[in-house]
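Worksheet: one structure, shown below.
Derivation of every value follows stated rules applied to the coordinates shown; laboratory data play no part. A quick note: this is a predicted structure, and the numbers were derived from the prediction, not measured. Cβ atoms come from the backbone with ideal geometry, glycine included; neighbour counts cover every protein chain shown.
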Amino acid sequence: MIKTESLDLENLDRHLAEAFGIIAGHIKNISREPVVPQIAREELYNLIAHELPLEGVGVGRMIDEVRKNILPYCTLIGHPRFLPWILTSPSPAGTIGEILNIGLNQVPALYKGGPAATVLEEIVVKWFGELFGYPENHGGILVSGGTMANLTALAVAREVHIPQAMKKGLQRVEKPLTLYVSDQGHVSVERSAGMLGIGSEYVRKIGTDSEFKMRVDCLGEQLEKDRQAGFDPFCVVAQAGAVNTGSVDPIAEMADICAENNIWLHVDASYGGGVILTSQGMSILEGIERADSIATDPHKWFFIPVEAGLTLVKNRRQLYDTFKCEAGYLGQETSKDYMNFGFQLTRSSRALKIWFAFRAYGLHRISRIVEQNLALAQEFRKKLGRQKVWELAAPVELSIVCFRYVPGLSWSDQELDSLQYRILAELEAGGKAFITPAVLNGRVVMRICFANHRTTARDLDIILELLQEIGERIAASQSA
């Protein structure tokens, strides 16, 4: 007789309650300090049990270890003064949706592998298509984030331009493919080109204007130059919220030039897509409905917990034709099974938390948070302009503000670059706020991104006071 054993727990309810208590406490105390834990990697490694565990210690002890050795060393991404990258503060309703999703453990590869999860994803994709003005026959798939969303969309663009590229590769292609993005484009575009066999060297970086938007005249010139040189332009990527400055490319003008040249237009709205919820959103993103594909991240400016990215394609059939697969062991699939719309088979369900949060709050409430973030960015810009020592480094179109501390004319560019880094390092070490640098036109700047539902006007004053005090102190010490 075979002796059987399972991994079930006798005190599941109690352990779940303890775990949920940790999560609830973390959210309730998210405004505590430091924003970023100040502990060396080696020290933390030694603090956390790291020997290969051959015998178990029990769930109770593990919950205690998480409370003692994990919880205190988590960066507080939801803190009102966590404003560095476009990692937004997840909504508590989204967190509840994610907890439910994890417990249900559905895989929406095929309908029968997760009926509710499959239908939820279909609903969420439809919602986003409606938001961006896509026709009824649009399609899409939820992925891990913007990087995967861009890769998925560019794979479809390649398949449409070179039919059967997924099956036959690029071995038969006579003219090298070229891809176009502004010099503010996200690194995932180059990585995608590498993954798709195009090569990152064939990504053309198009120059930008004084507002860090792609120059369409330069795009047209580069397209013509490449064609004459024997290249085959197949796709243009527009930034709807560049990662450095938040700038939005002239999507409508780019759509015109892509239509004239029979080139795929993809819009990377991983960050800026959330502005579509606001009254000014369609104006800022004018022309986005004309894009062949769009990447956006619900886990950014829609306040959903990570991971949640989305690829939208205007023509659903093109997405299906790119990723259609046959695997006998999966049984008979249908044309709506998500195994045929993306690269992954085993894929966590990401729709439940989006559906849960959107219905719990309503999009009007979420849109007011996005508008609040836009207003905070403009207010911070105004506050900087009232003091001579602060220099604005880029226009503020969405919710990113780039600026420099310039204590006097005698400082060289190199000294000013070093000064910005030093100020940011001291700000992070102080634990009260966290923002990051960027490099614009060869100069180091500070970059703050308002994409947080907890940030208030008071937080602006706190951050600016901290930066001012640190800057004055460092500048004085260097001048002494």
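Numerical summary
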read-out: Total formal charge among the other residues, if their Cβ is under 13 angstrom from that of residue 253, Lys/Arg +1 and Asp/Glu -1; value: -3
read-out: nm² value of the averaged projected area, convex hull over the Cα atoms of the stretch 363-479; value: 7.4 nm²
read-out: Net charge dipole size for the stretch 12-74 [Lys, Arg +1 and Asp, Glu -1 on Cβ; Debye, nearest 20]; value: 280 debye
read-out: Farthest toward positive dipole pole in the stretch 346-480 [+1 Lys/Arg, -1 Asp/Glu at C-beta], among 467, 361, 409; value: 361
read-out: Ellipsoid equivalent to the stretch 80-161 - semi-axes via the Cα gyration tensor, in Å; value: 24, 21, 14
read-out: Candidate lysines - alpha carbon under 28 Å from residue 175, same-chain residues fewer than 8 apart omitted; value: 167, 205, 225, 314, 324
read-out: Over the chain: helical MRE at 222 nm, DSSP H runs n ≥ 4 each giving -39500 (n - 2.57), nearest 500; value: -13000 deg cm²/dmol
read-out: Sorted peptide list for 211-223, 454-466, criterion being average Cβ within 10 angstrom, highest first; value: 211-223, 454-466
read-out: Charge sum, other residues only, whose C-beta stays under 11 Å from residue 233's C-beta, Lys/Arg counted +1 and Asp/Glu -1; value: +1
read-out: Isotropic mean projected area of the C-alpha convex hull, the chain (nm²); value: 27.6 nm²
read-out: Debye, to nearest 20: dipole size of the chain, +1 on Lys, Arg Cβ, -1 on Asp, Glu Cβ; value: 520 debye
read-out: Cα centroid separation - the stretch 175-229 against the stretch 122-160, whole Å; value: 21 Å
read-out: Convex hull volume of the stretch 96-361 per residue (C-alpha atoms, cubic angstrom); value: 118 Å³
read-out: Charge context of residue 242, other residues only, Cβ under 12 angstrom, K/R +1, D/E -1; value: -3
read-out: Lys/Arg +1, Asp/Glu -1 at C-beta; the stretch 96-361 dipole; positive extreme among 258, 192, 340; value: 340
read-out: Derived scalar couplings ³J(HN,Hα) [the stretch 219-234; Karplus, 6.51 cos²θ - 1.76 cosθ + 1.60; whole Hz; x for Gly, Pro]; value: 4, x, 5, 5, 4, 5, 4, 5, 4, 5, 8, x, 8, 10, x, 10
read-out: For the stretch 144-150, Karplus couplings with θ = phi - 60° (6.51, -1.76, 1.60), whole Hz, Gly/Pro x; value: 6, x, x, 4, 5, 5, 5
read-out: Residue order, fewest to most beta carbons within 10 Å, for 188, 348; value: 348, 188
read-out: Whole-Hz couplings from phi, Karplus 6.51/-1.76/1.60, listed for the stretch 25-40; x for Gly and Pro; value: x, 4, 5, 5, 9, 5, 8, 6, 10, x, 5, 10, x, 9, 9, 5
read-out: Full-extension gain in nm, residue 15 to residue 378, via 0.36 nm per residue minus C-alpha separation; value: 126.1 nm
read-out: Alpha-carbon Debye profile of the stretch 12-74, log10 I(q)/I(0) at 0.15, 0.18, 0.20, 0.24 Å⁻¹; value: -0.58, -0.79, -0.92, -1.11
read-out: Leading residue at positive end of dipole, the stretch 359-480 (Cβ point charges), from 450, 478, 423; value: 450
